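The values are calculated or read from the model by the stated rules, or taken from the named source; none is laboratory data. Since the structure is predicted, the reported quantities are computational estimates derived from the model, not experimental observations. With ideal geometry, Cβ positions are generated from the backbone for all residues, glycine too; neighbour counts draw on all protein chains shown. These area figures cover heavy atoms from the full protein model, side chains too; ligands, DNA and RNA do not enter into them. Shrake-Rupley method; radii C 1.70, N 1.55, O 1.52, S 1.80 Å.
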Amino acid sequence: MCKMNRQPKIIVFDLDYTLWPFWVDTHVTPPFKKKGNEVVDAYGKVIRYYKEVPDILKRLSDKGYELGVASRTSEIEGAKQLLKLFNWESYFKYKEIYPGSKVTHFSKIQKASGTNYKDMLFFDDEHRNIVDVGKLGVTCILARNGVTCALIEDALKDF
């Protein structure tokens with residue numbers, strides 16, 4: 001029997017330590033704003049994301065994947081502000097950003113999309129979220145040092 005390469009219908013990302021190297025509710029101080037080509041926090045500290053993330057989001061979007069965000073942060077407005085300032089907002093069809101179990105985030109994405117959990121791929125840096133969401137049938141990938149092109153390629157190959 002030949003193995004058909006299934007593709008996920010929706011790819012979901014955590015934010016903190018997955019798309020950017022900090023916790024938006026403790027390590028940086030909103031409000032955020034553009035200063036030249038950079039995004040800074042209330043104290044003028046430059047806010048950086050993981051280097052390959054913009055390219056990853058653009059490529060996945062160009063290939064027709066639906067993308068989502070599932071973040072448990074209590075800094076809801078700050079997280080949304082960063083998505084806008086990094087020009088990533090348009091990539092994400094589903095944005096579930098609020099405290100609580102990621103199971104809730106995924107049940108809302110599932111209801112809004114009508115997509116089966118087994119057709120979703122999720123990247124997160126926290127093992128407990130991988131375990132909780134994995135129980136739903138979602139394919140979960142631990143992103144120890146943020147998402148990279150190599151991590152995405154491997155995950156899509158193994159999906």
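For region 58-78, what are the residues that are of a type outside the set (A, V, I, L, M) and part of a helix (DSSP H, G or I)?
Initial filter on region 58-78 (of a type outside the set (A, V, I, L, M)): 58-59, 61-66, 68, 71-75, 77-78.
Across region 58-78, the qualifying residues are Lys58, Arg59, Ser61, Asp62, Glu77, Gly78.
Read through the list (1) open to solvent by 70 Å² or more (accessible area, probe 1.4 Å); (2) more than 17 Å from Thr26 (Cα to Cα); (3) in contact with a strand residue (DSSP E or B) (Cβ under 6 Å, 6 or more places away or on another chain), then give the number of the only condition that Tyr49 fails.
(2)
Out of the residues in region 95-137 that are without any contact (Cβ under 8 Å) to a residue 60 or more places away in the chain and of a type in the set (Ser, Thr, Tyr), state the one that is least open to solvent (accessible area, probe 1.4 Å).
Result: Ser107.
Yes or no: region 61-75 includes at least one residue that is open to solvent by 50 Å² or more (accessible area, probe 1.4 Å), touching a His at 6+ places or on another chain (Cβ under 9 Å) and not acidic (Asp, Glu).
yes
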